[in-house]
Amino acid sequence: MPMKGHRTKQDKTICRVGDVRPSTDMRDVMTSDATARSGASGRPRVVVVGGGFAGIAAVRSLKRVDVDIVLVDRHIYNMFQPLLYQVATAGLNPGDVTYFLRALRYRQNNVNYRQGLLWKVDADQRVITLKDGEELDYDYLILANGVTTNYMGTPGAKERAKAIYTRSQALKIRDEVFRRLEAAAADPSHSQGLNIVIVGGGATGVEMAGALAELRNQGLYFAYPEIAQDHIQITVVQRSAELLKPFKPRLRAYARRSLEKRGVDLRLGSGVKEVHADCVELADGTQVPADLVIWAAGVRAHDEVAEWGFEQEWGGRVKVGPDMRVLGHQRIFAVGDVAISGDDLPQLAQPALQGGKYVARAIANDLRGRPTEPFKYTDKGTMATIGRRAAVAQIRGLPAMTGPIAWYMWAVVHVFQLLGGRNRVATFANLATRYGQFWRVHPNPIIGEIRPVRLHGDREPDGTGNAASAAETDDVAQTDDIASADGSTSA
Ligand SMILES: Cc1cc2nc3c(=O)[nH]c(=O)nc-3n(C[C@H](O)[C@H](O)[C@H](O)COP(=O)(O)OP(=O)(O)OC[C@H]3O[C@@H](n4cnc5c(N)ncnc54)[C@H](O)[C@@H]3O)c2cc1C
């Protein structure tokens, strides 16, 4: 049964005229079709596509505005991407970084959630079509659907490397690490090990490498005495000569030293030419052995964005004006990672959060007939963590920071940015036990459901190998995600 205001192909009811009063400033918005579509309440309907940073910020900022909101997301949860690498490295449970989108209703009754994937936009009719064929009409549409991994056409990358953009991808990395370690431990020749290559030396690559190095140094070396220490290798490959390019040189140098101190092999200044089954080939011809390749380089818009009929920029981002409206469309906004304006804002949480709040304000102003100033981004700074009490932070108004102070600041900011009290408490507890003590601790990793040995026959054929990742796009991730997440336990 479709929600109120939703239309199936069989039931194309014309929405009744609502009570939006056109004002002088709204005239350009309203002249093409003086009927405002409205929900059952008679209020204008705002459809928000994407329940990430930008989408949630927009929804929450519309709480006191007299509108009905429909939040559409392909997942039933919001995911806190900045801590995803902690899930991939067995430090956090997947549920710690996800928030049930319908729980937004506990505090806001003008929002309804609909699971779906935006497939088509008919801007003339003001109707969107979801992948399952259902249609939703809108008075305002906010596109906040983020981006996905960009393999940049590197041969073998899509088929063999593992991306880290969704929860299921993070769980697959985690489970693959432990599956391969068990195989290496069972190898009677003791010649097997685990070579992990991380492609990309930006914040995600550095954080991933640092967390894996901590896990290896504090935990895996002790838990797997069968595997020689130098058989577990972590390598970062970065095209440019420096890590963490957006950070100040002093912070970049600190990050480099910190990773090297933790035994991470850095291959800087040479990009990846091809990903092979057992190695990564660099542009200079070097072959770096690789059992597991993690792709942390580059993003692009989701494929379906090309179906929507909007002007797109490099990486498929939707072009918006200074007020975040999609070029040529008064009633459609794009915000967060998927949008690109003249300012070319970084694809980070803060621009998405601030942009989400801004478009909510712009809609409220439209409805009241007031103008809205162009969007102005306030750069509050940026941070990245490397490991136990090692992080870099450049915060607006403060001197550049490294070490424990930066680490504690990073931890506080990330824990408080999470949605949901339970997530904050659980994340705080898990991070504190992993990194918080001043003495050395073994990390007690959070492990998943590695294929068990069966009574009749050997282990089940494994579906988590690299071959599986060829098809592992966001589109197919959901079912695996549920199975894997449920199987997670804190060891
Ligand atoms: C591993 C990782 C670590 C990161 N670390 C940091 C960090 O430390 N600091 C920082 O500032 N930024 C970080 N980022 C970047 C930051 O997470 C993004 O900039 C931010 O999430 C963008 O917010 P958004 O709302 O635009 O998109 P997202 O948060 O990605 O949300 C998009 C939502 O849209 C949904 N969706 C996608 N397509 C469709 C569709 N067609 N129909 C319906 N729903 C759809 C998705 O399910 C998702 O819920 C990190 C990103 C990653 C991947």
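The values are calculated or read from the model by the stated rules, or taken from the named source; none is laboratory data. Predicted model only: the values in this text are computed from it and were never measured. Because the Cβ atoms are built from the backbone with ideal geometry, glycine has one as well, and the counts that use them run over all protein chains shown.
Structure notes:
- Sole exception among (1) under 28 Å from residue 405 (Cα atoms); (2) modelled with pLDDT under 95; (3) part of a loop (DSSP other than H, G, I, E, B) for residue 214, by number: (3)
- Which listed residue, of 293, 305, is surrounded by 20 or more Cβ atoms within 10 Å (Cβ to Cβ), in the same structural domain as residue 141 (by TED's automatic domain parsing) and touching a helix residue (DSSP H, G or I) at 6+ places or on another chain (Cβ under 8 Å): 305
- Enumerated strands (runs of 3 or more DSSP E) restricted to segment 283-396, each holding at least 3 residues that are in contact (Cβ under 8 Å) with a residue 40 or more places away in the chain: 292-295, 332-334, 381-387, 390-395
Condition check ((1) out of contact with any Ser or Thr (no Cβ under 7 Å at 6 or more places or on another chain); (2) more than 17 Å from residue 208 (Cβ to Cβ)) across all residues:
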{"position": "144", "(1), (2)": "yes, yes"}
{"position": "147", "(1), (2)": "yes, yes"}
{"position": "163", "(1), (2)": "no, no"}
{"position": "167", "(1), (2)": "no, no"}
{"position": "179", "(1), (2)": "no, yes"}
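- Residue 274 being within 26 Å of residue 123 (Cα to Cα), surrounded by fewer than 18 Cβ atoms within 10 Å (Cβ to Cβ) and under 26 Å from the mean Cα position of the chain (by Cα): no
- Some residue of segment 435-446 being within 16 Å of the ligand (Cβ to nearest atom) and at pLDDT 50 or above: yes
- Extreme residue, nearest to the ligand (Cβ to nearest atom), among residues of segment 65-98 that are of a type in the set (Ser, Thr, Tyr) and under 13 Å from the mean Cα position of the chain (by Cα): 85
- Residue check, residue 336 on the phi > 0 side of the Ramachandran plot and not assigned by TED's automatic domain parsing to the domain that holds residue 198: yes
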